[in-house]
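Working notes, beginning with the structure itself.
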Amino acid sequence: MWYTINDVDKLDTPALVVYPDRVKYNISLVKTMVDDVTRLRPHVKTHKSPDVTKLMLQAGIGKFKCATIAEAEMLGICNAPDVLLAYQPNGPKLARFIRLTKTFTDTVFSCLVDNIGTATAIAEAALNEDLIVPVFIDLNIGMNRTGISPADALELYQACAEIEGITIKGLHAYDGHIHDVDYGVRQQRSDESIEPVLELASAIYDEGYPAPVVIAGGSPTFPIIAQREGLECSPGTFAYWDRGYELAFEEQPFQTAALIIARVVSLPDETKVCIDVGHKSVSAENELSKRIYFLNAPELVFKSQSEEHLVADAGPNHHFKVGDILYGLPYHICPTIALYERAITVENQSIIGEWLNVARDRKISI
């Protein structure tokens, strides 16, 4: 099997392992799904890794999106040319963002705003350091988390265009609420949510401004947004993929590239096995049956999970022994990666090294 590791006995478990050949395949595949590689602005929240970032840079991807200052700093360290902090910085985060911009001068950093007060604060902080910060208007198109309604955003766009210290670049429209398994339903909902954004972009242009850059979508709607001419696309999970997206989005044939290696640590009764994958080892926000899928033991029925243990029913007369290795595919890879400081890399079924998940920390140096 593709995931088998010949020298797996070297690994203490639970361990995060990554298969670089499959990551490279996913990067090559994502490039074929858009007509122009400059339309790709992948989110680094999934991998948090300089090594994956460098693979993307080598593939000709030059624009990136991130959610934390640490992720932005990781991109700066990698000399990524264009980085959007998809967050509205305030207070200490704004001060860190300004330091970031001054430190990594080969990278153009931009950020989000959804109100005039924050836009003014960013401008003042920038002017104090002789900087001009590029900003995007954060639009609420149904996520109901951050952003301003497209119907109310023209006035904010116009106001930002007049503020010294920032330069208005475009619009940011994240549709994380759209993740229907049915592609037709997903496409309809995506079309409905993006239409007000396109109307706003047209109105901005009609007012005499340059055509705004529109950054839209995430992984579930990526193939839909990719079909719309000119929009920048921000998939992120494609780098590693996971069990949840593998089941839900069959039209995106990315390869799962990151696993959790685990061991059976106890046999508490005749039918139960206890595995060393607890809440601290795999994302636990889903129901118990949809947290991890063991590729070499799909028959296990999970009964309970605690901080360091997962108890499963293997049925009577099962074959499991203490010490047996299990290869687990997480249902949600993004928060799972954040639980590990490093990923062990595997090629040709052998351990070859490790990739540090540098940006899992909230702070690197800035």
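The values are calculated or read from the model by the stated rules, or taken from the named source; none is laboratory data. The model shown is predicted, which means the values in this text are computed figures rather than measured ones. Using ideal geometry, Cβ is built from the backbone for each residue, glycine included, and neighbour counts are taken over all protein chains shown. Ligands, DNA and RNA are stripped out before the accessible areas are found, and what is left, the full protein with its side chains, is counted by its heavy atoms. Shrake-Rupley method; radii C 1.70, N 1.55, O 1.52, S 1.80 Å.
May I ask you to say which residue of Pro210, Pro253 is open to solvent by 50 Å² or more (accessible area, probe 1.4 Å) and under 27 Å from Leu156 (Cβ atoms)? It is Pro210. Please enumerate the residues belonging to segment 29-46 that are more than 14 Å from Lys63 (Cα to Cα) and acidic (Asp, Glu). Within segment 29-46, Asp35 is the sole residue that qualifies. Filtering segment 113-148 to residues that are touching a residue at least 12 places away in the same chain (Cβ under 8 Å), farther than 19 Å from Thr221 by Cβ and outside any helix (DSSP H, G or I) leaves Val113, Asp114, Asn115, Glu129, Leu131, Ile132, Val133, Pro134, Val135, Ile137, Ile148. Considering every residue within segment 85-92, establish whether at least one is part of a loop (DSSP other than H, G, I, E, B), hydroxyl-bearing (Ser, Thr, Tyr), crowded, with 16+ Cβ neighbours inside 10 Å and in contact with a Cys (Cβ under 8 Å, 6 or more places away or on another chain). Yes, segment 85-92 has at least one match.
All conditions but one from (1) within 20 Å of Val37 (Cα to Cα); (2) in contact with a helix residue (DSSP H, G or I) (Cβ under 7 Å, 6 or more places away or on another chain); (3) open to solvent by 10 Å² or more (accessible area, probe 1.4 Å); (4) among the polar types (S, T, N, Q) apply to Asn79; the one that does not is (2). Of the helices (runs of 4 or more DSSP H) lying entirely inside segment 1-83, those containing at least 1 residues that are under 20 Å from Phe104 (Cα atoms) and touching a residue at least 24 places away in the same chain (Cβ under 8 Å) span 50-58, 69-77.
Select, from Ser304, Ser281, the only residue that is of a type in the set (Gly, Ala, Ser) and over 23 Å from Ile351 (Cβ atoms).
Working: Ser281 fails: over 23 Å from Ile351 (Cβ atoms).
Checking each option against the conditions leaves just Ser304.
Return the residues of segment 238-292 that are among the small types (Gly, Ala, Ser), outside any loop (DSSP other than H, G, I, E, B) and more than 22 Å from Val44 (Cα to Cα); say none if nothing qualifies. Explain how you work it out, then say what you get.
Filtering segment 238-292 for residues among the small types (Gly, Ala, Ser) gives 239, 244, 248, 257-258, 262, 266, 278, 281, 283-284, 289.
Those left that are additionally outside any loop (DSSP other than H, G, I, E, B): 239, 244, 248, 258, 262, 266, 289.
Ala262, Ser266, Ser289, listed by residue number.
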